[in-house]
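All remarks here apply to the structure that follows.
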Amino acid sequence: DWPVGSLGAGYLASVHMLQYMLYTLAAAPLLLLGTPEWMFERLLRRTHLRGVVGALSRPLVAAVLFNVVLIATHAPVTVDTLRTTQVGNFTLDMIWLGSGFLLWLPVVSPVREFRARSAAARIVYLFCAAALIPMIPGGFVAFSPQPLYGTYELAPRLGPEGPSALGDQQFAGVLMKVGNVQILWAVMAVIWFRWYESEQRRNRQRRAVRQRTTAPASRP
């Protein structure tokens, strides 16, 4: 994952945030979408985790745990501890990927029973869990008057025109606050349009059934 992995591991907080977004908003949903239902079912049977996954995929549980991971993995003590070793970096990546799976299970789970029941519920869930709540910690990072992360504060600057530690951190905070908006609104729009099309199809089918049932009665 060079150069993103190298820059995020010890040079730029903004690239660290970009890594987080790639794992949670791109890699995780794409992996879920690419997993066939039969494969996911077999994995659940072999690991005996159906009950656990069912409990974690409830929208409220998933939203709370996703944001707990977001805050915990961006706390200064966590970043400064894990970013110092390759094992720590790998651990952080896997935690982010796992939290991404958790976020998207109620929306695009290969098994239908783990998804939120309605399109409206999925839209509201995504907006609250991944757009609204992350603005709060993102604001703390963006508006902090001093660098929060020793790892990035002490890192060599990338050339004479490279961003300062505080400027880099502020950009990272902005990414946390609004960098996910385009992806989330695109997904919510797709969910809404699919729901609208399915409702239109059902209405057409109902009208066709009513016309077939009433047509004989209207003949002289």
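When you scan segment 56-96, how many residues do you find that are farther than 20 Å from Val124 by Cβ and not aromatic (Phe, Trp, Tyr)?
25
Each row is one residue, and each column tells you yes or no for (1) touching a helix residue (DSSP H, G or I) at 6+ places or on another chain (Cβ under 8 Å); (2) within 30 Å of Thr151 (Cα to Cα); (3) crowded, with 20+ Cβ neighbours inside 10 Å.
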position: Leu43; (1), (2), (3): no, no, no
position: His48; (1), (2), (3): no, no, no
position: Leu60; (1), (2), (3): no, no, no
position: Val69; (1), (2), (3): yes, yes, no
position: His74; (1), (2), (3): yes, yes, yes
position: Thr85; (1), (2), (3): no, yes, no
position: Ser99; (1), (2), (3): yes, yes, yes
position: Ser109; (1), (2), (3): yes, no, yes
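Taking each residue of segment 193-208 that is in contact (Cβ under 8 Å) with a residue 40 or more places away in the chain and looking for partners that are not polar (S, T, N, Q) with beta-carbon atoms closer than 7 Å, six or more apart or interchain, yields Trp195/Ala119.
Hey, does segment 173-189 have a residue that's in a loop (DSSP other than H, G, I, E, B) and loosely packed, with under 15 Cβ neighbours inside 10 Å? Looking for residues that are in a loop (DSSP other than H, G, I, E, B) and loosely packed, with under 15 Cβ neighbours inside 10 Å, one finds none in segment 173-189, hence no.
Just one of the listed residues (Trp104, Trp96) is under 18 Å from the mean Cα position of the chain (by Cα), modelled with pLDDT of 95 or more, among the aromatic types (Phe, Trp, Tyr) and within 16 Å of Gly54 (Cβ to Cβ), and it is Trp104.
Where helices (runs of 4 or more DSSP H) fall entirely within segment 10-58, those with at least 1 residues that are in contact with a Pro (Cβ under 6 Å, 6 or more places away or on another chain) are at 37-47.
Taken over segment 45-82, the criterion of being in contact (Cβ under 8 Å) with a residue 40 or more places away in the chain, more than 15 Å from Pro137 (Cα to Cα) and within 22 Å of the chain's Cα centre (by Cα) is satisfied by Val53, Gly54, Leu56, Ser57, Arg58, Pro59, Ala62.
The values are calculated or read from the model by the stated rules, or taken from the named source; none is laboratory data. Please read all numbers here as calculations on a predicted model, not as lab measurements. Note that each Cβ is placed from the backbone with ideal geometry, even for glycine, and that neighbours are counted across all protein chains shown.
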